[in-house]
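The values are calculated or read from the model by the stated rules, or taken from the named source; none is laboratory data. In this text, all values refer to a predicted model and were calculated from it rather than measured experimentally. A quick note on method: Cβ atoms are made from the backbone with ideal geometry, for glycine too, and the neighbour counts reach across all protein chains shown.
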Amino acid sequence: MLPAEVMLDYASGAAEEPVALAVATHLDLSPAAALQYQRLNAVGGALLDDIEPVALGADALDRMMALLDAEAQVAPVARAAGPVSAAVAGSPVPGPLQAYVGQSFETLRWRTLAPGVEEYVLPLGTRGFRTSLLRIAPGRAMPEHSHAGDEITVVIEGAFDDSCGQFRRGDIEFAGPALSHKPIADARMGCLCLAVLSAPVRLTGLLGWVVNPFLRV
Ligand code: ZN
């Protein structure tokens, strides 16, 4: 579930490129989320009509004004990435990711992070973020870890489970510093996901003692 605050940041163009990419991918893969996003935009417009501007803080007013433009605007991530060719329909790569990945996941240079876990770091270069694709083999798990900052995960193919529940294609998970988890890929399908980290993760499980560059930002 996408927090309204994140949606507002995305709609107004205030979200950092990696966060915008995660949100755009989530909206591309989840019709329910896309509908919710459309409603938020509609509510934003209606609020602007019905409420005296003076009742809103300057920042809120700016955001609502930006919401009016949101429907017409291209996803912020596409603008941030510069000129991009139109997304190709039928590609297994979601439209918002195609500018970074191309048309196939198979041609990427995956590197192995752990047994059954591969990573491809996306060429975003936004300071303070690590944006990557993670491919986890069926039944394999990420090492248990907590987070120094925020972690956003969007499932592109397959599914994973952690202590918060099951996340399937199109689902998005927000993990903050309070959460320690050990995501496990679906036993049959495995999991391919987009992960955005705003700070390095901390290994907290049995592997925690290993000095490991795993998922450094
Ligand atoms: Zn995590």
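Miscellaneous remarks
Okay, residues lined up against (1) in contact with a helix residue (DSSP H, G or I) (Cβ under 8 Å, 6 or more places away or on another chain); (2) free of Cβ contacts under 8 Å to residues at least 12 places away in the same chain; (3) over 19 Å from V6 (Cβ atoms):
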position: W110; (1), (2), (3): no, no, yes
position: V117; (1), (2), (3): no, no, yes
position: T131; (1), (2), (3): yes, no, no
position: G149; (1), (2), (3): no, no, no
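- Filter pass, F167 being within 13 Å of the ligand (Cβ to nearest atom), closer than 23 Å to A24 by Cβ and either modelled with pLDDT of 85 or more or touching a Pro at 6+ places or on another chain (Cβ under 9 Å) (or both): yes
- Breaking point among (1) in a loop (DSSP other than H, G, I, E, B); (2) away from the ligand (no atom under 14 Å from the Cβ); (3) on the phi < 0 side of the Ramachandran plot; (4) out of contact with any helix residue (DSSP H, G or I) (no Cβ under 6 Å at 6 or more places or on another chain), for V93: (4)
- Residue check for T131: among the β-branched types (V, I, T), assigned to a strand (DSSP E or B) and surrounded by 15 or more Cβ atoms within 10 Å (Cβ to Cβ): yes
- Residues of the stretch 164-181 satisfying the condition of being within 23 Å of E5 (Cβ to Cβ) and either polar (S, T, N, Q) or not in a strand (DSSP E or B) (or both): C164, G170, D171, G176, P177, A178, L179
- Qualifying position, being of a type outside the set (S, T, Y), away from the ligand (no atom under 15 Å from the Cβ) and under 24 Å from G125 (Cα atoms), among I172, I152, I156: I156
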